[in-house]
Structure formats: structure tokens, C-alpha cells
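Reviewing the structure listed below.
The values are calculated or read from the model by the stated rules, or taken from the named source; none is laboratory data. Everything quoted here is computed from the prediction, not taken from an experiment. Using ideal geometry, Cβ is built from the backbone for each residue, glycine included, and neighbour counts are taken over all protein chains shown. Surface accessibility is based on the protein's heavy atoms, side chains included, excluding ligands, DNA and RNA. Shrake-Rupley method; radii C 1.70, N 1.55, O 1.52, S 1.80 Å.
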Amino acid sequence: MGTANDPAASFDRSAIAYEQLVALNRAGSRRLVAALPDEPFARVVDVGCGTGFATMEVVARGGVREVVGVDPSRPMLDVFAGHLAALPDVTADLRAVDAVSTGVADGWADLVICTMALHWMPDRPAAIREMARVVRPGGVVAILAPGEGHDRPTVDLLHAAGPPLSRLGDSIVSNEITLGWLSA
């Protein structure tokens, strides 16, 4: 386990309460899944899956047979495994690995989903290349990330407060994924 300021250690400590803490992320994942093409996705890779709420939205659409969940936090994966236990028709492989080295075969997935995790990844371009590598030709890579100005009122308050809170505001801004960056 890392230090008190280590994001991975923080996710490990909060795995049980995480789903209640990220209600807006869950709503975003529902919108993302609703925006997917109307086709079955039998094989799904969830990168930065956490407790699996985005995958569970895809499963609810129907047609999912196999899931690979990738997250560096074993406690998050343990919570995800609990959700999957209720789905005996879905085969799951939950991997405590980094997003840039998933171990998934080239072109294996029909859908790669990454919901509110890309901004936590130290090498975002490499993570996206890995997502593109594991999706089949014609498959879908679906990413939900905090966009520019996503939490502007909070950032403005933190900056107005000055140090040390202004550093938290800077951190929030540094996590923004702009459309220009993502499309590049």
C-alpha cells in the first residue's frame, strides 16, 4: 500500500464506500452506455473499472458474455467480483494491473469502456493506445472523463481560498481531459 497521498492507496481504502461516493459517475456511465451503438457487445474490457458500475450498465443492456476488468486496486476488483457473482452467464476475469499493460489479446473486445478513470492514469496516451489495441476492428472505445471546466465553481472557491486549498483546485484542473487532447 502507498502513502496517504497516493491515489491508488486511497482507492484501496475507499473500495467499499466508493459506489455511494461517486453517484454522479454512475449517472455519467448510464448516459455513456445509453449513447453506445445499438448492437450487442459480447466481450467487454473495462479499463479503470473500479467497482464495475459501468460494466454493470453494459450488462443490463444484454448480450455480454465475457468481461475483463482492469484496475490497479484489488479491493475495488473484489467489490466488482461481488456484483458479478449474481451473473452466472457472464464470465469475468478481473485483473489488478495497470491500464497500459492489460494483457488482453489484440482485437479481443467488442467494447472497451473507461468511465471516470482516464484522468487518474499517469500515461494517458499509452492507456488509450492500449484500449485501441484490444478492441476489434469496428468495435467501440467509449470514454467518460472530466471535461474542461467540469467542476468550475469548486475550483474557483479553492483558488479564492489560497494555499494550500488552491493546490487542490490546480489538481482538479490538471485532471481535465479536453476534447482537443482526446481527439488528438
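FRET efficiency for the Arg65 to Ala126 pair, using the beta carbon distance and R₀ = 25 Å, is estimated at 0.30. Here the chain exposes an accessible surface that is 57 percent carbon and sulfur, computed with a 1.4 Å probe and the other protein chains kept in place. Computed from Cα positions, the angle between helix 152-161 and the longest principal axis of the chain comes to roughly 30 degrees. Solvent exposure of the range 31-172, expressed per residue, is 47 Å² of accessible area, with all protein chains present and a 1.4 angstrom probe. Taking the chain as a Gaussian network of alpha-carbon nodes connected by springs under 10 Å, the highest mean-square fluctuation of the residues Ser171, Ser101, Ser29 belongs to Ser171.
Building the convex hull from the alpha-carbon atoms of the range 145-184 and averaging its projection over directions returns 2.6 nm². With a/c under 1.5 counting as rounded, go ahead and sort the range 68-109 into rounded, prolate or oblate using the C-alpha gyration tensor (a ≥ b ≥ c being the square roots of the eigenvalues; past the cut-off, prolate if a/b is larger than b/c, else oblate). The shape class here is oblate.
Using the Kirkwood radius built from alpha carbon pairs, what does the Stokes-Einstein equation give as D for the range 47-151 at 10 °C and 1.306 mPa s, in µm² per second? After rounding, the answer is 114 µm²/s.
Between the range 34-74 and the range 96-125, how many Å separate their Cα centres? After rounding, the separation between the Cα centres reads 12 Å. GNM remark for the chain: springs join alpha carbons under 10 Å apart, and the peak mean-square fluctuation among Asp71, Asp98, Asp151 falls on Asp151. Translational diffusion of the range 106-184, estimated by Stokes-Einstein from the Kirkwood radius over alpha carbon pairs at 25 °C in a medium of 0.890 mPa s, is 176 µm² per second.
The modelled label-to-label distance between Leu87 and Glu39, using points 7 Å beyond Cα along the C-beta direction, is 2.0 nm. Under the convention that each Lys and Arg Cβ holds +1 and each Asp and Glu Cβ holds -1, the size of the dipole of the chain around its Cα centre is about 100 debye. To the nearest ten degrees, helix 23-34 and the longest principal axis of the Cα atoms of the chain are 40 degrees apart. Sorting the Cα pairs of the chain by distance into bins of 5 Å, from 0 upward, gives 1, 8, 16, 20, 21, 16, 9, 5, 2, 1, 0 percent per bin. Between Ala92 and Val67, the built amide H atoms are under 5 Å apart, and every one of these is 5 or more places off in sequence or on another chain.
With a Förster radius of 30 Å applied to the beta-carbon distance between Ser101 and Leu179, the computed FRET efficiency rounds to 0.65.
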